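Read-outs throughout are calculated quantities, based only on the coordinates presented, and are distinct from any laboratory measurement. Just so it is clear, the model here is predicted, and its values are computed rather than measured. Note that each Cβ is placed from the backbone with ideal geometry, even for glycine, and that neighbours are counted across all protein chains shown.
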C-alpha cells in the first residue's frame, strides 16, 4: 500500500492530522539533492527532459492550476529532498518532495506585453511549501521585469536564502512561455 498524497488548493502537499501523527521518518534523516530531472512529452510526441539545477539558477517550474481562470501555477524550487518514511499501515517507502516558493498571477499589469506576469506570493503563509515532484509539468523560464524594479527593502520578507540567485526580489516577473515551441503549443491548446 502506498502513502496517499493530497494536494491543497495551493498545490502543496497536505496530510491529515491522523497520518501526521503516525508518520515515521527513518533515522530522522532528510536527504538533499542538487538536481532533478523532469521527463515530459513534447507537442510532436517526442520525449523531452528538463533538468532543475539548484546551483545554476534554472529552478523555475510549472504545475497544473487548481483555478479555472488560469491553467498553470509557477514556483521556484529552493530544495530537492527525499525521505524514507513509514506509517502504522504502510511499509518503508521513499518519499520525494520539492521545497518551493510560489508565484502568484498578476492581472492587467502590462497590456502591451503578451507574456504572463507573476510575482512572488504576497501572503507569507502561502509563499513556501512542499510539492510532489510528480506534479511538475516541466521547467519554465521566468525572467525579471526590470522596468518595475526591485521590491522595496521595507517589503522584503525574504531576500537571502539558499538556492536564490538574486539577493533581492523583483516586483514582477514575466513567464517567457515562447522560449520553446512546445510551450507555445501548450499555451495555444489549453482553453
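Odds and ends about this structure:
- Estimated Rh, the stretch 16-99: Kirkwood, alpha-carbon pairs, angstrom: 15.4
- Approximate spin-label separation residue 104-residue 43, in nm, with each point projected 7 Å along Cα-to-Cβ: 3.1
- Estimated translational D of the stretch 50-102 in µm²/s (Stokes, Kirkwood radius over Cα pairs; 4 °C; 1.567 mPa s): 98
- Taken along the Cα-to-beta-carbon direction at a fixed 7 Å, the label points for residue 91 and residue 34 span 3.4 nm.
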